[in-house]
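The values are calculated or read from the model by the stated rules, or taken from the named source; none is laboratory data. No experiment lies behind these values; they were computed from the predicted model shown. Positions of Cβ are backbone-derived with ideal geometry, glycine not excepted, and every protein chain shown enters the neighbour counts. Side chains included, ligands, DNA and RNA excluded: accessible areas come from the protein's heavy atoms. Shrake-Rupley method; radii C 1.70, N 1.55, O 1.52, S 1.80 Å.
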Amino acid sequence: IAHLTFYDYGVGISIGSIAAMAVEQTVPFYDIVVAMLIYGGFTILLAFVTNKSIACRRLITGKPTVMIYKGKIIRKSLTKNNYDLNDLLLECRLRGYFDISQIECAIMENNGEFSVLPKPENRPLTPKDMSVKVGKEDITYNLILDGEVMKENLRADGKDEQWLKNQMKSYKIGSAKEVLLAIGDINDK
């Protein structure tokens, strides 16, 4: 629910209310089906229009709001979003920033999520920052899931069942049924 826009949330409640009328049988079933089709069709049409028009998208789903800029809280943004200082500080702490002066920019997204861009000196250290060369990485594959061999994933990873059996043997595993989760990567790990 946290990822729904206010409009999506309203649509869900409305369709639920229409469906409740069907259960209560206060309105003929045909009328309820027509109402749900019209309401659902309007929602799909609105989604199409908001995908094509930035102005409509901003009107329906809203737009992101800068809450903190260069370590300073923007009071007008708090008021606009009906946010109090405690809510803002909570969001910062949840993202690991107990000192707002470490934040370059914090944005309240239109879906209610909170994004934080730390100041350059407070960003996490990366191998690139230290000029360290890292090994190649790629997607990992679930090879065994709940004791079941995922043959399609095994083939996609360029492996066969014999390779998987050899790997299990090296871990002293007799059968795939003993494995909750086995994941393979590009480095044959």
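Taking region 70-166 and the strands (runs of 3 or more DSSP E) fully enclosed by it, the elements with 2 or more residues that are open to solvent by 50 Å² or more (accessible area, probe 1.4 Å) and not hydroxyl-bearing (Ser, Thr, Tyr) are at 141-145. Restrict the check to region 33-51 and report whether at least one residue is outside any helix (DSSP H, G or I) and either free of Cβ contacts under 8 Å to residues at least 24 places away in the same chain or not aromatic (Phe, Trp, Tyr) (or both). No: zero hits.
If the condition is being within 19 Å of Ile13 (Cβ to Cβ) and of a type in the set (A, V, I, L, M, F, W, C), then region 46-66 contributes Leu46, Ala47, Ile60. Every condition in (1) polar (S, T, N, Q); (2) over 28 Å from Arg57 (Cα atoms); (3) under 23 Å from the mean Cα position of the chain (by Cα) is met by Asn86 except one, and the failing one is (3).
Among residues that are under 30 Å from Asn166 (Cα atoms) and at pLDDT below 95, Lys136 is included.
Do the conditions hold for Gly96, that is, is it touching a residue at least 40 places away in the same chain (Cβ under 8 Å) and under 30 Å from Thr61 (Cα atoms)? Answer is no for this residue.
Screening Phe42 on (1) modelled with pLDDT of 80 or more; (2) open to solvent by 50 Å² or more (accessible area, probe 1.4 Å); (3) at positive phi shows it passes everything except condition (3). Candidates are the residues of region 3-27 that are open to solvent by 80 Å² or more (accessible area, probe 1.4 Å) and either more than 28 Å from Lys63 (Cα to Cα) or in a helix (DSSP H, G or I) (or both); the one that is modelled with the highest pLDDT is Ile13. From the list Ala35, Ala106, Ala55, Ala47, the one residue that fits, being small (Gly, Ala, Ser) and in contact with a Phe, Trp or Tyr (Cβ under 7 Å, 6 or more places away or on another chain), is Ala106. I'm trying to understand the selection: among the residues of region 48-69, which are of a type in the set (Lys, Arg) and surrounded by fewer than 15 Cβ atoms within 10 Å (Cβ to Cβ)? Passing the criteria: Lys52, Arg58, Lys63. Filtering region 56-83 to residues that are modelled with pLDDT under 90 and within 21 Å of the chain's Cα centre (by Cα) leaves Arg57, Arg58, Ile60, Thr61, Gly62, Lys63.
Filtering region 156-178 to residues that are within 18 Å of Lys189 (Cβ to Cβ) and among the basic types (Lys, Arg) leaves Lys159, Lys165, Lys169, Lys172. Scanning region 167-189 for residues that are surrounded by fewer than 11 Cβ atoms within 10 Å (Cβ to Cβ), of a type in the set (S, T, N, Q) and not in a loop (DSSP other than H, G, I, E, B) gives a single hit, Ser170.
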